[in-house]
Amino acid sequence: MSDKNDNPNDEVLCFCSGVRRKKIRALFMQGMDIQGIAEMTGALTGCGGCEWDIEYYLKELEEQGYRSKRS
């Protein structure tokens, strides 16, 4: 039996701040852009290694038809 969690929503995209996909998606759906997500979570403020992954994930969400609730 494995303890490994294969749920993609639980994948950590920013290891410096421990931010997971589900948190990034939730904030995006609330209307935050990448800067707002960084300010709220601390993602992108450490080593910078997650920048491409988070940018790609937000683009992927948009391509899948998810839209942020921007005012």
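With R₀ fixed at 22 Å, the C-beta to C-beta distance from ARG67 to SER17 puts the FRET efficiency at about 0.30.
Using C-alpha pairs below 8 Å separated by at least 6 residues, the relative contact order for the range 1-58 is 32 percent.
Here the spin labels are modelled as points 7 Å beyond Cα on the Cα-Cβ line, and at ASP10 and CYS47 they lie 2.3 nm apart. Ordering TRP52, GLN35, ILE24 by Cα displacement along the dipole of the range 23-64 toward the positive end leaves ILE24 in first place; charges were set at the Cβ atoms of Lys, Arg (+1) and Asp, Glu (-1). In the list [x] 4.9; [y] 5.9; [z] 5.2, the label attached to mean projected area of the Cα convex hull in nm² as derived from the coordinates here is [z].
Every number in this text was worked out from the coordinates using simple rules, so none of it is lab data. In this text the structure is predicted, and so the values were computed from the model without any measurement. For neighbour counting, all protein chains shown are included, and Cβ atoms are generated from backbone atoms with ideal geometry for every residue, glycine included.
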